[in-house]
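The values are calculated or read from the model by the stated rules, or taken from the named source; none is laboratory data. Nothing here was measured: the structure is a model prediction, and the numbers come from that model. Neighbour counts run over all protein chains shown; Cβ positions are idealised from the backbone, glycine included. All accessible areas refer to the heavy atoms of the entire protein, side chains included, with ligands and DNA or RNA removed. Shrake-Rupley method; radii C 1.70, N 1.55, O 1.52, S 1.80 Å.
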Amino acid sequence: MEERTSQLEIKTSRNGLTVPVINGIHLHSIYNPAKEAEAFALGYEEAVSQKNNILILGLGYGYHVDEIAKLASKYHENYNILVIEPNKELVEHFMAHRNFQDKNINITYKVNAKELYEDISFVNFLMQKPCIIKHDSSFNLDRSFYTEFLKFQAPNHIGEFMDFLDPELQTYFKTFQGNDVTLDHHIKTLKAGGVQDKMDFGMLAFEALIAKKDTRGVQ
Amino acid sequence: MNKLLITNLRSDFDLISCAHYINSYLQENPQTEVSLLIFKEQENIAKILANVSNLYTIDEQQIKNIQKNALFSDAFAMNNFFTSINDCLKTKWDNVVNYSNDEVGAFICSMLTSEQKHGTTISKLGSPVTSNAWASYQNFACQDRNKDVISKTIIRHHLTNTPYHREGTKVKINEEYSLIANQNFAKIRQSKGSDMDAKIIGISLVESYSNKRLNLETLINTVELIEESESFKTVLLLSGKPEEKQIINELNKHFENSLISINTDSNALSAVLANLDLFISMNNNSLAIADCIDTKTIEIRDGLANFATPATLNSDNYVIYQNNSSTLVDDIAFVMNQEFNTNLPVSSMSSDNKVYSIVGDDYGMLNTQIRGELNIQQELRYHIERCYHYQLLGYEKNNDLISHLKKNTDEDVLTECSTQIKDELTSTVKILLATLRSLKGVKSSKSNLQNFINYLDTLIARGRDNSIVKGPVCLFEGKVENITTTTIDENMKSIETFLFELKSDLQLLTNLVTDLISDGAETNSVSDLKNAEA
């Protein structure tokens, strides 16, 4: 796993709040982080009012997250906020010294975007089509991580996603020599007359489901 | 206890109509535990079906959303799919039925462990395997037909040789809702103030499967018709969609808030429908549920769906194919007069719409036109084709029907119909005979194989046309697809047998047509077939 090298400093703002500084960059206002966070959240009020799942890119020291949570609680009985942060040291410091009181907020720390998309709970969260909010100073600091996250394309060769398959599917695919084929290719092979066992039928059922048009209403 | 799994992975209508099948099956095989494999989105509908012990669901939308999004790994979609069907795979079934006859279901059924599989499954060679002639008929002959001459629900009963039982509990009726509905409807019946209780006519504002609605003018005219009679009272049924609320507001404005409307969810719907004397609706889930609880219905179909298969199964129901909405109220009045022996005003004896009554005969249910311009050739063809298809599937010829058609149809009309059928028959017989000849050629030299294959393809392609020979040719195709032998000689032998069976099947149609025309003259195709035998 790739470890990032960053210099974390902790400063105190003029109004006494903690401000992390990474590689010389202040993640919040050195004067009044709370006021800055309030103004930041207001800019997203309309978006937050429409969605109860919120994805925040960048933890900072959580002031902006708290303000977004306040807004979310104003509009939704149930809401979930997930914060992505690639800086492990920052996450650990935050959790040890401040942390969120609101149980609807969770932080996910991953070194790269691929790891994020390999997490089924994260995928399920994204499936809810959350409102995405970018914390600019965090984003700029880890631009390559967030850009990779936003432009990510899942691998489509079986060998590349083998580890995420359930055991029975792993066993099934391991019986094929050379997993360096795409799922489409594998299914084409089955369709060309390569059906051997029930799992092959299962793969063809899966493919038929994906290709199926929505005929729910048709009599 | 026998374990039956029914896979139902197509439409809401298929799922609801499956209630008829479950009821019939359980009456024939009471010691059976019924399980359903369905899509998660249809879980609420499946929950109203009676006598279902287990529901297995596939979250189609979730799986598709994961798979289609480039961000997410296909691994998650596959995990989701295989987890969904895992319990079905682990169970040892006595019977599995691919009820909805869909591709996903066919592959899944092929994976399952079962004493018997009914309907269509897939062979290891990738071709469809059908469990009996009815399964072949469903899978091959019913494709791309606007109208099924035999109801799909009845065909599906035959997959397991199950006779249709009209009586029985098919959908659940919530006791609490039922009690409330009974009390409220008793009051509604008395609200007209006449000596006799009024009959309650439900009108659904819910859109059809093809997103069509009864228009406001039709609704106003129909409500007026019903409310002006002392014998009837209207109840409007809604599902809660905003468009329906808008319509109800318009209606209330017109009728000065005197109308009764009921907003029902799927749990309460059956309790409400059970209290109606007649239910008027576009073809939708409400209509299909009404049919399951044997509430009489008038099904309104869009005229563009000309002659499409009715959504209801039971006899004594009606279908109106709507071409002109302004005269629809007359058709409804006509049907109500017929049904309740009343004298509701009908302004014209003719109609731009076509009204059908569903009636029963020795074969089962059929549709017979009772109002509107008659396309005699279309109607004749429907009855002949239906009779023929039942014969193909092992039933006796319906001599009463043939006699009735002969007696009540002009000779010219019968001649025109038989000429048309003979033309279609003759061209197919010619291809069949050429195929048989080319098969003989293969026996003398394998170099003639390609010639035979070309003729066979041409013959099978006749099943794609919407001609009267579609049924037998498609059944032939089904038999060919079911061939399990692996050598060319064995395959050719099987195909030869099936070609002669097709010849016999076409002979049945020839005989039917001969019976229809008064002089009983032998047709060209008959003599062609006889020559071939010689």
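For the range B:4-24, check the following and say yes or no: at least one residue is at positive phi and not aromatic (Phe, Trp, Tyr). Break it down into steps so the answer makes sense when it comes.
At the first step, the residues of the range B:4-24 found to be at positive phi are none.
For the range B:4-24, residues at positive phi and not aromatic (Phe, Trp, Tyr): absent.
Could you give every pair whose Cβ atoms fall below 6 Å, whose first residue belongs to the range A:36-65 and is in a loop (DSSP other than H, G, I, E, B), and whose second residue is among the hydroxyl-bearing types (Ser, Thr, Tyr), counting only separations of at least 6 or pairs across chains?
So the pair list comes out as A:Asn52/A:Tyr79; A:Gly58/A:Ser138; A:Gly60/A:Ser138; A:Tyr61/A:Thr18.
Looking at B:Asn146, B:Asn101, can you tell me which residue is at positive phi and within 14 Å of chain A (Cβ to nearest Cβ)? Working first, answer last.
Working: B:Asn146 fails: at positive phi.
Selected residue: B:Asn101, the only one of B:Asn146, B:Asn101 that is at positive phi and within 14 Å of chain A (Cβ to nearest Cβ).
Can we say B:Gly478 is in contact with a strand residue (DSSP E or B) (Cβ under 9 Å, 6 or more places away or on another chain) and either touching a residue at least 40 places away in the same chain (Cβ under 8 Å) or assigned to a helix (DSSP H, G or I) (or both)?
Values: in contact with a strand residue (DSSP E or B) (Cβ under 9 Å, 6 or more places away or on another chain): yes; either touching a residue at least 40 places away in the same chain (Cβ under 8 Å) or assigned to a helix (DSSP H, G or I) (or both): yes.
So B:Gly478 passes the test.
What is the number of the single condition among (1) modelled with pLDDT of 90 or more; (2) within 13 Å of chain A (Cβ to nearest Cβ) that B:Asp302 does not meet?
The failed condition is (1).
With out of contact with any Asp or Glu (no Cβ under 8 Å at 6 or more places or on another chain), open to solvent by less than 10 Å² (accessible area, probe 1.4 Å) and over 27 Å from A:Glu67 (Cα atoms) as the only criterion, which of A:Phe161, A:Phe176, A:Phe206 stands out? Steps first, please.
On the way: A:Phe161 fails: out of contact with any Asp or Glu (no Cβ under 8 Å at 6 or more places or on another chain); A:Phe176 fails: open to solvent by less than 10 Å² (accessible area, probe 1.4 Å).
Answer to the selection: A:Phe206.
Considering the range B:316-329 alone, what residues qualify as being in contact with a strand residue (DSSP E or B) (Cβ under 9 Å, 6 or more places away or on another chain) and open to solvent by 20 Å² or more (accessible area, probe 1.4 Å)?
B:Asp316, B:Gln322, B:Asn323
Might you check whether a residue that is modelled with pLDDT under 95, part of a loop (DSSP other than H, G, I, E, B) and open to solvent by less than 70 Å² (accessible area, probe 1.4 Å) occurs anywhere in the range B:485-497?
Taking every residue of the range B:485-497 in turn, at least one turns out to be modelled with pLDDT under 95, part of a loop (DSSP other than H, G, I, E, B) and open to solvent by less than 70 Å² (accessible area, probe 1.4 Å).
Can you name every residue in the range B:337-387 that is among the hydroxyl-bearing types (Ser, Thr, Tyr), within 27 Å of B:Ile155 (Cβ to Cβ) and in contact with a strand residue (DSSP E or B) (Cβ under 9 Å, 6 or more places away or on another chain)? Reasoning before the result, please.
Kept after step one, since they are among the hydroxyl-bearing types (Ser, Thr, Tyr), are these residues of the range B:337-387: B:342, B:347-348, B:350-351, B:356-357, B:363, B:368, B:382.
Keeping just the survivors that are within 27 Å of B:Ile155 (Cβ to Cβ) gives B:356-357, B:363, B:368, B:382.
Listed by number, the residues that qualify are B:Tyr356, B:Ser357, B:Thr368, B:Tyr382.
Sort out which residues of the range A:122-139 are assigned to a helix (DSSP H, G or I), over 16 Å from A:Gly43 (Cβ atoms) and either at pLDDT 95 or above or hydrophobic (A, V, I, L, M, F, W, C) (or both), and write them in order of number. Break it down into steps so the answer makes sense when it comes.
Step one: of the range A:122-139, the residues assigned to a helix (DSSP H, G or I) are A:122-127, A:136-139.
Filter again for over 16 Å from A:Gly43 (Cβ atoms), leaving A:122-127.
The answer is A:Phe122, A:Val123, A:Phe125, A:Leu126, A:Met127.
Is it true that some residue in the range B:123-138 is touching an Asp or Glu at 6+ places or on another chain (Cβ under 8 Å), more than 25 Å from B:Val469 (Cα to Cα), outside any helix (DSSP H, G or I) and small (Gly, Ala, Ser)?
No, the range B:123-138 contains no residue that is touching an Asp or Glu at 6+ places or on another chain (Cβ under 8 Å), more than 25 Å from B:Val469 (Cα to Cα), outside any helix (DSSP H, G or I) and small (Gly, Ala, Ser).
For B:Asn341, which of the numbered conditions (1) more than 20 Å from B:Thr218 (Cβ to Cβ); (2) open to solvent by 20 Å² or more (accessible area, probe 1.4 Å); (3) in contact (Cβ under 8 Å) with a residue 60 or more places away in the chain; (4) among the polar types (S, T, N, Q) fails to hold?
It fails just one condition, (3).
Restricting attention to the range B:389-439, which residues are acidic (Asp, Glu) and open to solvent by 50 Å² or more (accessible area, probe 1.4 Å)?
Restricting attention to the range B:389-439, the residues satisfying the condition of being acidic (Asp, Glu) are B:396, B:400, B:410-412, B:416, B:423-424.
Across the range B:389-439, the qualifying residues are B:Glu396, B:Asp400, B:Asp410, B:Glu411, B:Asp412, B:Glu416, B:Asp423.
Could we say that A:Phe149 is part of a helix (DSSP H, G or I), touching a helix residue (DSSP H, G or I) at 6+ places or on another chain (Cβ under 7 Å) and either within 10 Å of another protein chain (Cβ to nearest Cβ) or within 24 Å of A:Asp184 (Cα to Cα) (or both) here? Working first, answer last.
Numbers: part of a helix (DSSP H, G or I): yes; touching a helix residue (DSSP H, G or I) at 6+ places or on another chain (Cβ under 7 Å): yes; either within 10 Å of another protein chain (Cβ to nearest Cβ) or within 24 Å of A:Asp184 (Cα to Cα) (or both): yes.
So A:Phe149 passes the test.
Go through B:Leu205, B:Leu112, B:Leu125 for me and flag whichever is of a type outside the set (Gly, Ala, Ser), open to solvent by less than 60 Å² (accessible area, probe 1.4 Å) and within 14 Å of chain A (Cβ to nearest Cβ).
On the way: B:Leu205 fails: within 14 Å of chain A (Cβ to nearest Cβ); B:Leu125 fails: open to solvent by less than 60 Å² (accessible area, probe 1.4 Å).
Result: B:Leu112 is the single residue among B:Leu205, B:Leu112, B:Leu125 that is of a type outside the set (Gly, Ala, Ser), open to solvent by less than 60 Å² (accessible area, probe 1.4 Å) and within 14 Å of chain A (Cβ to nearest Cβ).
Let me spell it out: the conditions are (1) open to solvent by 50 Å² or more (accessible area, probe 1.4 Å); (2) farther than 26 Å from B:Ile16 by Cβ; (3) aromatic (Phe, Trp, Tyr), and B:Phe232 meets all of them except one. Which number is the exception?
Going through (1) open to solvent by 50 Å² or more (accessible area, probe 1.4 Å); (2) farther than 26 Å from B:Ile16 by Cβ; (3) aromatic (Phe, Trp, Tyr) one by one, B:Phe232 breaks only (1).
Conditions tested, residue by residue: (1) within 11 Å of another protein chain (Cβ to nearest Cβ); (2) open to solvent by 40 Å² or more (accessible area, probe 1.4 Å); (3) in contact (Cβ under 8 Å) with a residue 40 or more places away in the chain.
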| site | (1), (2), (3) |
| --- | --- |
| B:Thr7 | yes, no, yes |
| B:Asp14 | yes, no, yes |
| B:Gln27 | no, yes, yes |
| B:Glu33 | no, yes, no |
| B:Phe39 | yes, no, no |
| B:Ser53 | no, yes, no |
| B:Asn65 | yes, yes, no |
| B:Ala77 | yes, no, no |
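Could you please find all residues in the range B:273-291 being more than 21 Å from the chain's Cα centre (by Cα) and farther than 19 Å from B:Lys192 by Cβ? Quick ask: steps written out before the conclusion?
Keep residues of the range B:273-291 that are more than 21 Å from the chain's Cα centre (by Cα), which gives B:273-278.
Matches in the range B:273-291: B:Leu273, B:Ala274.
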